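A short worksheet on the structure shown next.
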Amino acid sequence: MFEQTFKNIDDILHKDAGCGSELDYVEQTSWILFLKYLDDLEKDRATAAELTGKTYTPIIDKAYQWTVWAMPKISSPDGGGREGAGKLDHHNALTGDDLTDFVNNQLFPYLKKFKTSAESADTIEYKIGEIFSELKNRIQSGYNLREVINRIDELRFRTHAEKHEMSHLYEDKIKNMGNAGRNGGEYYTPRPLIRTIVQVVAPKIGDKIYDGAVGSAGFLCEAFDYLQNSKAGINGGSGLTTKEIEILQKRTFYGKEKKSLAYIIGIMNMILHGVEAPNIIHTNTLTENLADIQEKDRFDVVLANPPFGGKERAEVQQNFPIKTGETASLFLQHFIKILKAGGKAGVVIKNTFLSNTDNATVAIRKHLLESCNLHTVLDLPGGTFTGAGVKTVVLFFEKGKATQKVWFYQLNLDRNLGKTNPLNENDLAEFVALQKTFADSENSWTANVKDIDQNTFDLSVKNPNKKEAVTLRSPQAILEEMRALDEESAEILNSILELI
C-alpha cells in the first residue's frame, strides 16, 4: 500500500510547476509526511497518557493540527462523533489557493517559531522549528497539494511494522535521487556496505556515535538498528532497559550536514527509523577549527562517507594543520581529531588516498599511521557506488596507538556491479568472517608498516596471494589451431599412403 501511495504522490508532483525533479519530490513529500507522522505520534502519546491517568498537552496548537487544517473528517454516522471515523469533510477542508495561502503564510511561520521557543535542541519541538526554517512549500497548485495530503493521510505510522516499511520506502526514494542530478547521489551509501562497516566497528550502547558528513543519515540509522537489536531475544522483547532506550534516543547519535535538503532528509530518515529528536546540526563541518575541539566535543565512534572530489576554499583550509583543497582529506583530519583516545572509526574514502604522492596526502597518511592503529583496509570494486566512477576503500582505525600492521581485504567479485546488480551482504560475508582474526586468504593479507616506504607511506599494497588468472584463448583461436592440426594430420596421412 505504501509503495503505491508514494508512486501516486510522485505522479501528482510531476504535474506541478514548482517541482522539477526527484529531489523536489522527496523534499516536498518529506515535510507533509513529517506532519502526518507528528499527528500519529501525538495520538500515541495522548493514548499513553490516558492509560496512566495523565493529561496530555499537544505539541501543535489546535488550528495547526493535521486533523484540523489538512484532514478534517466527517463524524461517524452513528452519532458517536469519533474523530477520523469518516471521510474528508469537503466543506471544511482547505483546497486551491486557500490551502497554499494557509500553508505558506500561517502554517510554516507558526512551525518555524518552535526553534526559538523549544526548551532545548534535543527535543522534537526544536527539530520541528529547524525543519520548517530550512524548507519552503514548492507545490504551487493548491489542488495538487490537496491531492498529496489526501494520499499521505492514507499512510499510518502507528505500529513498528508500519514504521519499518515506511523507513525502507523512504530509503528507496533517497537512492533514486542519485539519478536526479544536483549531486543527489552523494547522499546515499549502499546499505549492505554500511551494515558491514557498523558490524566491524561494533559500537556499544553508551558510545557517542558521530558522522560529520551525515547526508541521509544512513550510518546513524543502521547503527541505531544494530544497537536496538544488540540484546534482542532477551525476555522476548528488544532486551533494552528504559535507561538504555533513553540513551539511544538522546545521547548516542550525532551528525552534521552542510546541504539543506540532505539535512532535512537525514532528520526525516532518523525519525522514521525511530529516533524522535535526532542530534543533527545544519552546518559545514569543515568551518570548525581543529584547534578548538576539546575533550568534551569528542566521540567514541566515527562512521562516515565524506564527499570526495570537492574543493575547499583557502579560509576553510586554515582550520587544518595539513592544508589541502581535497574535501575528503580535510574530513579525515577532522575525524582523527574528534575521536576520543581508544575511539573507533570506519570511514569510506577514495582509493587514491592510499597512494597519492602530493605533500598533503603523504602527511595525512603519516599522521593516521602514527596517531591511530589502522588495522583494516577494505578495498572495494568499481561500481560499488551506483553512478560514481570512483573506486573506494574503507579505513578502519582506532585512535591512540601507532599502526604496526595493516590487514588488507580485496573484494573480488565474479560479476560487475551496477544499478541492476548492486552490492549485497553476501558479497561481504567473507570479509566480515576473516576480519575477526585478520586471516590470510586469496583475497586478504597483512602488511607490516616498517616494510612500506618511509618517505611516501604508500599503502597501495598489491595482493601477494592472488593467483594470476589464466588468460583464456578466444574460441576463434582454438578453432584455427584445430584446423591447422587437422591439415597437418592430413598431410602426414597422405605421406604414409604414398609410402605404402
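The values are calculated or read from the model by the stated rules, or taken from the named source; none is laboratory data. Everything numeric here is computed off the predicted structure, so don't read it as measured data. Counting neighbours? That spans all protein chains shown, and the Cβs are built from the backbone with ideal geometry, glycine included.
May I ask you to say which residue of 485, 434 is among the aliphatic types (A, V, I, L, M) and either surrounded by 14 or more Cβ atoms within 10 Å (Cβ to Cβ) or in a loop (DSSP other than H, G, I, E, B) (or both)?
434
All conditions in (1) at pLDDT 90 or above; (2) more than 30 Å from residue 409 (Cα to Cα); (3) surrounded by fewer than 19 Cβ atoms within 10 Å (Cβ to Cβ) hold for residue 192, with the sole exception of (2).
Here residue 457 meets each of (1) crowded, with 18+ Cβ neighbours inside 10 Å; (2) assigned to a loop (DSSP other than H, G, I, E, B); (3) under 24 Å from the mean Cα position of the chain (by Cα) with one exception, condition (3). Counted as qualifying within the stretch 295-390 are the helices (runs of 4 or more DSSP H) with 2 or more residues that are of a type in the set (A, V, I, L, M, F, W, C) and crowded, with 22+ Cβ neighbours inside 10 Å, namely 327-338, 359-371.
Of all the numbered requirements in (1) surrounded by 14 or more Cβ atoms within 10 Å (Cβ to Cβ); (2) in contact (Cβ under 8 Å) with a residue 12 or more places away in the chain; (3) of a type outside the set (Phe, Trp, Tyr), residue 400 misses one, and that requirement is (1). For the stretch 132-166, the candidate set comprises residues that are of a type in the set (Val, Ile, Thr) and part of a loop (DSSP other than H, G, I, E, B); within that set, the residue that is farthest from residue 264 (Cα to Cα) is 159.
The listed residues are 247, 280, and the only one of them that is of a type in the set (A, V, I, L, M, F, W, C), assigned to a strand (DSSP E or B) and at pLDDT 90 or above turns out to be 280.
The residues on offer are 27, 3, 50, and the sole one that is surrounded by 18 or more Cβ atoms within 10 Å (Cβ to Cβ) and either charged (D, E, K, R) or assigned to a helix (DSSP H, G or I) (or both) is 27.
Tell me yes or no: at least one residue of the stretch 336-343 is touching a Gly at 6+ places or on another chain (Cβ under 8 Å), in contact (Cβ under 8 Å) with a residue 60 or more places away in the chain and farther than 25 Å from residue 384 by Cβ. So far as the stretch 336-343 goes, yes, one or more of its residues are touching a Gly at 6+ places or on another chain (Cβ under 8 Å), in contact (Cβ under 8 Å) with a residue 60 or more places away in the chain and farther than 25 Å from residue 384 by Cβ. In the stretch 30-50, the residues that are over 18 Å from residue 63 (Cα atoms) form Cβ pairs under 7 Å with partners that are modelled with pLDDT of 90 or more, at six or more places apart or across chains, as follows: 33/152; 45/56; 49/55; 49/56.
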